[in-house]
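What follows is a short report on a single structure.
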């Protein structure tokens with residue numbers, strides 16, 4: 001059997017030793033490659049465009065959000081405002097501590113009211129970041145501090161009045 005196959009191959013060797021492809025083969029092969037190349041090329045451009053759009057949207061969103069959350073305090077405007085801010089923070093902390101020592105009920109009420117004042121102050125800080133020289137925003141921030149001090153004074157006075165009335 002092995003000898004038969006070898007004889008067939010030797011007798012028909014000229015059929016297998018053809019070095020040239022059939023006529024027109026190279027042109028047909030180039031046409032097929034060109035068709036495949038043309039079919040895939042637009043897909044990549046389309047995908048690159050989508051990827052670039054997504055990246056641009058993500059970067060834009062990140063920049064927008066990061067700028068929305070940026071704040072600025074009075075101390076960043078000038079040394080004078082830094083002193084004012086420090087002064088009010090010290091007074092507020094002292095009066096809040098006094099209220100906490102006197103009445104946990106009044107202090108709990110103060111904490112609730114102060115949260116609203118703090119949210120308003122944070123909005124003012126964001127606005128100050130966007131408009132650092134806006135005098136109205138600066139005055140509103142100082143008014144916020146004054147309101148907190150007044151609120152604490154009123155609560156401490158109410159506690160004292162109730163305490164005196166109970167005696």
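We did not get these values from a lab; they are worked out from the coordinates using the rules stated. These numbers were taken from a predicted model, which means no experiment stands behind them. Please note: Cβ atoms are built from the backbone with ideal geometry, for glycine as well, and neighbour counts cover all protein chains shown.
Computed with the Debye formula from one identical point scatterer per Cα of region 74-166, without solvent, the log10 of I(q)/I(0) at q = 0.15 Å⁻¹ comes to -0.62. Nearest 0.05, what FRET efficiency do residue 87 and residue 164 give at R0 = 35 Å with Cβ-Cβ as r? It comes to 0.70. From least to most packed, judged by other beta carbons within 10 angstrom and beginning with the fewest, 164, 91, 111 follow the order 164, 111, 91.
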